[in-house]
Amino acid sequence: MQRIKRQSNPARIRLHIADGRVNTTWSNKYDVHFLGADFGQIVDDDLVVHRPLTDCTVQLSFCAVHRQNGKKTETDLPLFVAGKYGPAKGGKPAVVPEPAQWYAGSGAPACLNDLQAIACTEDTKPAAEEFAQELEEILGKKLPVVQKGEQTKNAVSFLLDKTLAHLGCEGYTARCENGAIRLCAGEAQGLIWAGKTALQLLAQGAFPCGEMEDYPRYPVRGFMLDAGRRPCSMETLRKIVKYMAWFKMNDFQVHLNDNYIWLEDYAENGDDSTLQAYSAFRLESSLTGENGESPTAADYSYSKADFRAFIAWAKTKGVRIVPEIDVPAHALAFAKAFPQHMVRNRTSPLMEKRPLTDHLDISRPETIDLIKRLFDDYTGGDDPVFAPDTVIHIGADEFLSDYGAYRRFVNEIVPYIRKTNPVRMWGGLTWIKDEPATPIRQEAIQNVQMNLWSSDWADGHEMYEMGFDLINTIDDHLYMVPDGSRKRGSYKDYLNKKRIFRQFAPNRVRIKTKNGGRYTDLPAGEKRVLGACFAVWNDNIDRRASGLTESDLFARFADAAALLAEKTWGSCTKRRFRAAERAAMAAGAPLCKPAHIDFTLNTAQCECAGNAKPGETLQLDGGCAYAATGLACAPPAAELTIDMLLHEAGKNQILLEADAPYGAYDIRLTENGKLGFTREGYLYEFDYAPPVGKRVQLCICTKPQQTVLQAGQLRKNAAGKFIWNGTVRCAGIQNATFSIPCARIGSAENAVHAEIYALTLRS
C-alpha cells in the first residue's frame, strides 16, 4: 500500500474568513478535501467558524489529490480566529487539564467559604448533585441543592444551554462574577466536567473572576488496566474511575481475561501441562465446558450484576467503561474450560519452546460459535450486562497460529458484535497476514476502534489508510509492566513522563520500516484519530510474581494520569502543566490524601467475641477470639506497635485480620512459627519467631514496597512467596507493600493464644 505523503502545502491552499465561514482557494491542478480542524468546536465540518472567547489559532487539515496522476498529499494549515474579547487576558487558572479559553475579569472571586447553595434546573439536577457530593467528600463543604430561582447569589449554578451545541457533548462555559459561579453546557456530560473544574479551583480557595470556554481536542482520553492476569477489586476499579474523572479522563478499558505468558515454563510435559499456568477470566459466565467447568476465575471475579452496575455508575462520573474480553489469543482461561477449542501441537514462531495453548482454534466453525456465545452472554436479554452504548473490546491481540483464519475471524466476529454494540480491538493486521492477504471487509473496519500499540503488529499509517478509528496506545511511550524496580519508560515500572511530554502526541503514530520503525504525524484535524490510552500490564505473575499490590498499581496509574489527561484534552507548556498539576493534586484529587488512623487499644471500646477476654489486657485463647475495632485496613504507610505475650507457638494462628475481596488479609504465625502476613494470594515472613512465655514489644512499619519488623534491636524486612492452587509458584519476593489489617485483633476462626497488653496503630 502506497502511503499518503505529507507536504507543507503543495496545492497552494489559501484560507480566509468571511461571513462566518472559512473560504478556501487552491491550485487548479488539485482537488482538495477538508479533513477537519484540530478543534472542531471552533471550525466545524462545514467550515463554519464559531467565534471563540479569545484569539486563537486552529490547525485545519486538507487532502489534495493531483488531477493527472492521482497522488494524494495531506497538509495542516494554521488559521487565526479572532476571539470575542480579542487577546487573552490574565494567566489561565491552575486546572488540569488546562482550559481551552480564559478571559480574566476584574471583580472579586467566588470564595469557597462564601458559597451558600448549588442551583440547578430539573434536567441539570444530576450534575448538581454529583458536584455537591464531591464538594462535601473532597473539600468538606456541604451545600444545599436548590432549584434555580430560589437562590443564585453566592451560588454555583448548573444550566443547559442548547446554543452551546458547537462545543460538543463535553464542552462547557464557566463564568464567575459578583461571587457567583455559572456553569453552562450543551449536554449533561459538559456539566460534569464543568463541575470538576470548579472543584479544582474552589479547592485552591476561590474561583477567580472571569469567563472560561473549555472543550477537548480528542474524544478518547483513556487508561487500560490488566485485571485479567492479576485480580483487581471492584473497589480499586471505582477508585480509578473517580481519579480519572478528576482530570476529565473519560475512557476506562478493563482487560478482563489473560494468562501467564511464559508458557514454556510449564511445557515440559506437553500441551496439557501448560493448563497449570495461571489464567483468569474476571466475569461471571453462564457458559460451562463439557466437564461442567466455568471459565470464570475461582480466586476473584465480578458478578454480572456488579459489573452492570459499575458501568452505569461510572457513566454518572463522566467515564465510559470499555470491557475487554481478549480472544482468540491470551485466552487460556477459555482453553481450560473448553479444551476441545484449544490450539494444539503448535509453538510460537517468536519463541520456539512456547506452546500456543492460550490460543483458540478459530479455524473451526465450532470455536467461532463458542466465541459468539461468549459475547452473547453479556449483550443479550432485556437488561444486558453491556448496554447497547457500551463499547466492547474483543482483544484480537497477538494471534500467532493460523493467519488466514484470524483475518476471517475479524471479518465475521466484528460485524456480529456490531449488531448490538460498538467494537474496539487491538491492532494486529500488519503482522497477521496470510499469503495472499485475506482482505478485511469494510464492515469490519468502518467505525471500528483500534488500539495502535506496535508498528510491527499494526503500522499506524496503514491502519489509518484502511479506515479504522485510531486510539494511540503506543507501547514505547504508554506501556507499564510494573515490577517494583521504580524504573521509567519502555515497559518499565512507571511511564517516562519527561519523554512523553517532549515527544508524544495522540496523532503521532509509529510506522513500520526496514530498520524497525519511526514516527509520523497524522493530520491534526483527522476525526478518526480518537485520542490516546495508557496501559498497565500485569505480566509479572505466577512464577515471575512481582509482589506488588493493588495500591502499587494505583500509584503507577495516578502518577501518569494528569499528564495523559493534559496531552489528550489540549496542550500547554511543560512549566505551566507542572504548576497546574501541583495545584490540582494539592487541591484534593480523590484518593491522594489517604484517611488517617490513630488507634489505641481500649477493650472497653471494642466489641469482643468468642474466646476473647477483655480487661486490663486482651486475652485471646485461640479459635474464634477477637476484639472488633470498627476499622478495616490502614493505608499502605502506617506503623503498628504491639505489646504482647505469646502463650503458645501455634501454626497459621492469627494476630490481626480484616476481610478482603480475595485471599486472606492478616498478620499471623506462619507454619514454622515465625511472624508474617498474608494478602492478595501472597504469604510474607519475617525472620523472627516471637518467644513463648516472654513479653515482647513489636513494631511493624509499612511503606510502598517495604514492610519492616522491629523487635528490640532486631530489624527484619519481610520476604514473600506467591501461592496458587496450594503450591508455591514464586519465592524470595522482596516487594512487600502491606496495608495493616485492623478490623479484628485476633481472629473469627483461628486466633493466637496470647495476651495483648497494648496496641497502637498510626498512619
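Brief remarks on what is shown
- Proximal charge balance of C699 [Cβ under 13 Å; K/R count +1, D/E count -1]: +1
- Residues with amide H under 5 Å from that of V43, placed H, sequence gap 5 or more: H50
- Modelled FRET efficiency - R0 51 Å, E616 with H166, Cβ distances, 0.05 increments: 0.10
- Fraction of antiparallel bridges per DSSP, the chain only, in percent to nearest 5: 70
- I4 long-range amide H proximity, modeled H, under 5 Å: none
- Note on R502 and R51: the model spin-label points, each 7 Å out from Cα along the C-beta direction, lie 4.3 nm apart.
- Of the residues I4, T513, V22, the one whose Cα sits farthest towards the positive end of the charge dipole of the chain is V22 (charges of +1 on Lys and Arg Cβ, -1 on Asp and Glu Cβ, taken about the Cα centre).
- Relative contact order (%) - the range 598-762, alpha-carbon pairs under 8 angstrom, separation at least six: 35
- Between I17 and K419, the distance separating the two model label sites (each 7 Å from Cα on the Cα→Cβ line) works out to 4.9 nm.
- Listed values for the range 489-496 are Karplus-derived 3J(HN,Hα) couplings in whole Hz (6.51 cos²θ - 1.76 cosθ + 1.60, θ = phi - 60°), namely x, 6, 6, 8, 6, 10, 6, 8, and x replaces Gly and Pro.
- Calculated FRET efficiency, V708 to E749, Cβ-Cβ distance, R0 = 25 Å: about 0.35 to the nearest 0.05.
- A simple charge model with +1 on the Cβ of Lys and Arg, -1 on the Cβ of Asp and Glu and nothing else charged puts the dipole of the chain at about 2960 debye relative to its Cα centre.
- Order by protection proxy (mean Cβ within 10 Å, highest first), peptides 462-468, 526-532, 609-615, 710-716: 526-532, 462-468, 609-615, 710-716
- Electrostatic bookkeeping for S286 treats Lys and Arg as +1 and Asp and Glu as -1; over the other residues with beta carbon under 12 Å from its beta carbon, the sum is -1.
- Positive end of the dipole of the chain (Cβ unit charges, origin at the Cα centre): among P328, G525, Q446, the Cα lying farthest that way belongs to G525.
- Residue list for the range 673-691, given a label point 7 angstrom along the Cα-to-Cβ vector of R762 and an amide N cut-off under 16 Å: none
- Derived scalar couplings between HN and Hα for the range 121-135 equal 9, 4, 7, 9, 4, x, 5, 5, 5, 4, 4, 4, 5, 6, 4 Hz in order, rounded to whole Hz, by the Karplus curve 6.51 cos²θ - 1.76 cosθ + 1.60 (θ = phi - 60°), x for Gly and Pro.
- Dipole-positive endmost among M342, L275, A561 within the range 220-569 (Cβ charges, Cα centre): A561
- Descending by average beta-carbon neighbour count within 10 Å, the peptides 684-697, 40-53, 442-455 line up as 442-455, 40-53, 684-697, the highest first.
- Listed values for the range 257-268 are Karplus-derived 3J(HN,Hα) couplings in whole Hz (6.51 cos²θ - 1.76 cosθ + 1.60, θ = phi - 60°), namely 9, 4, 7, 4, 8, 8, 5, 4, 5, 10, 8, 4, and x replaces Gly and Pro.
- Here the range 598-762 is treated with +1 on each Lys and Arg Cβ and -1 on each Asp and Glu Cβ, and its dipole about the Cα centre works out to around 500 debye.
- Rounded to the nearest 10 degrees, the inclination of helix 365-379 to the longest alpha-carbon principal axis of the chain is 90 degrees.
- Loop-located GluC sites (Glu not before Pro) in the range 350-398 (DSSP state not H, G, I, E or B) with no more than 14 neighbouring Cβ atoms inside 10 Å: E352.
- Charged-residue dipole, Cβ positions (Lys, Arg, Asp, Glu), the range 220-569 about Cα centre, Debye nearest 20: 1600
- Prolate/oblate/rounded call for the range 598-762, Cα gyration tensor, a/c under 1.5 rounded: rounded
- Computed on the range 101-214, with alpha-carbon pairs under 8 angstrom and 6+ residues apart, the relative contact order is 37 percent.
- Rounded tilt (10° steps) of 574-586 against the dominant C-alpha axis of the chain: 40
- Computed per residue of the chain from DSSP H runs no shorter than four, each worth -39500 (n - 2.57), the mean residue ellipticity at 222 nm is -6000 deg cm²/dmol.
- With R₀ fixed at 35 Å, the C-beta to C-beta distance from Y662 to A628 puts the FRET efficiency at about 0.95.
- Model label points for I4 and D114, set 7 angstrom from Cα along the Cα-to-Cβ axis, are 5.2 nm apart.
- Using the average count of surrounding beta-carbon atoms within 10 Å as a protection proxy, the listed peptides 369-375, 324-330, 170-176 rank, highest first, as 324-330, 170-176, 369-375.
- In the range 220-569, Cα pairs under 8 Å separated by at least six residues give a relative contact order of 17 percent.
- Neighbourhood net charge (13 Å Cβ-Cβ; Lys/Arg +1, Asp/Glu -1) for T617: -2
- Remark on L470: its backbone amide H falls under 5 Å from those of M450, V529, L530, a criterion applied only to residues 5 or more positions apart or on other chains, H modelled at 1.01 Å from N.
Every number in this text was worked out from the coordinates using simple rules, so none of it is lab data. This structure is a prediction, so every number in the text was calculated from the model and none was measured. Please note: Cβ atoms are built from the backbone with ideal geometry, for glycine as well, and neighbour counts cover all protein chains shown.
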